[in-house]
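Asks: I'd like to ask some things about the structure below.
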Amino acid sequence: MSAIRYLGATIAEAIAYARETLGDEDLLRVFDLDGDGVIAPDSLDERTFVRAVASAETEVDECLAASHGAPFRGEVSESVREIVAQRSVWCAVRTRGSLSDAERVAWRQLYKDTDARLERLQSDRGARIPNAPLPSPTALLARDQHAPTTWQDLASRKTWGAF
């Protein structure tokens, strides 16, 4: 079985995080295939959950590899964890023949919303995720020991000094 990397150190932790992020009702609606109200260890429910999360993690890695150096090692930012949890739902239902298109539409929209979040993260080249390299202009200013210490309000023409 695939290892989950971003939602928790164990499958139980990952399920708990997904439950917290998605809500119990939505989590069970997607991953409780046998309808018993739980995602039991070593069950089809758990295997489906793990496959979906692993697929979502791979997609996030593909999106953020160039801009953030994914796959991530060590601590993973909350935004990446949340995106993985939200994408995992669509990864689970996109090929499920037992669901109609009308039943999938909400999950598809959530997936598209995470696409937009990933695009914003890609475009900032690491500025929103801690421990990522600084974007180029910020990195240059951080190295400059003689950065400007005053600035001017263009509307009032008042000059301000740094402290």
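The values are calculated or read from the model by the stated rules, or taken from the named source; none is laboratory data. Quick caveat, the model's predicted, so the values are computed rather than measured. Here the Cβ is made from the backbone with ideal geometry for all residues, glycine too, and neighbour counts use every protein chain on show.
Asks: Out of G74, G69, G37, G8, report the one residue that is touching a residue at least 60 places away in the same chain (Cβ under 8 Å) and over 22 Å from K112 (Cα atoms).
Replies: Answer to the check: G69.
Asks: Tell me the residue from R51, R29, R5 that is over 22 Å from G74 (Cα atoms) and of a type in the set (D, E, K, R), please.
Replies: Being over 22 Å from G74 (Cα atoms) and of a type in the set (D, E, K, R) holds for just one of R51, R29, R5, which is R29.
Asks: OK, next. Being among the basic types (K, R), part of a helix (DSSP H, G or I) and at pLDDT 95 or above narrows it down to one residue among R19, R29; which is it?
Replies: Only one candidate qualifies: R19.
Asks: If you go through region 60-70 one residue at a time, do you hit one that is surrounded by fewer than 19 Cβ atoms within 10 Å (Cβ to Cβ) and among the polar types (S, T, N, Q)?
Replies: No: region 60-70 contains no residue that is surrounded by fewer than 19 Cβ atoms within 10 Å (Cβ to Cβ) and among the polar types (S, T, N, Q).
Asks: Within region 78-129, which residues are more than 25 Å from I39 (Cβ to Cβ) and hydroxyl-bearing (S, T, Y)?
Replies: Scanning region 78-129 gives a single hit, S123.
Asks: Let me ask something else. I need the full set of residues from region 82-108 which are surrounded by fewer than 20 Cβ atoms within 10 Å (Cβ to Cβ), assigned to a helix (DSSP H, G or I) and modelled with pLDDT under 90, in order please.
Replies: D101, A102, E103, R104, V105, A106, R108 - these are the residues of region 82-108 that are surrounded by fewer than 20 Cβ atoms within 10 Å (Cβ to Cβ), assigned to a helix (DSSP H, G or I) and modelled with pLDDT under 90.
Asks: Say we look at region 4-16 and pick out the residues that are surrounded by 11 or more Cβ atoms within 10 Å (Cβ to Cβ), part of a loop (DSSP other than H, G, I, E, B) and aliphatic (A, V, I, L, M); which of these is nearest to the chain's Cα centre (by Cα)?
Replies: L7
Asks: Here are S67, S79, S55: which of them is in contact with a Cys (Cβ under 8 Å, 6 or more places away or on another chain) and part of a helix (DSSP H, G or I)?
Replies: None of the other options fit; the residue is S55.
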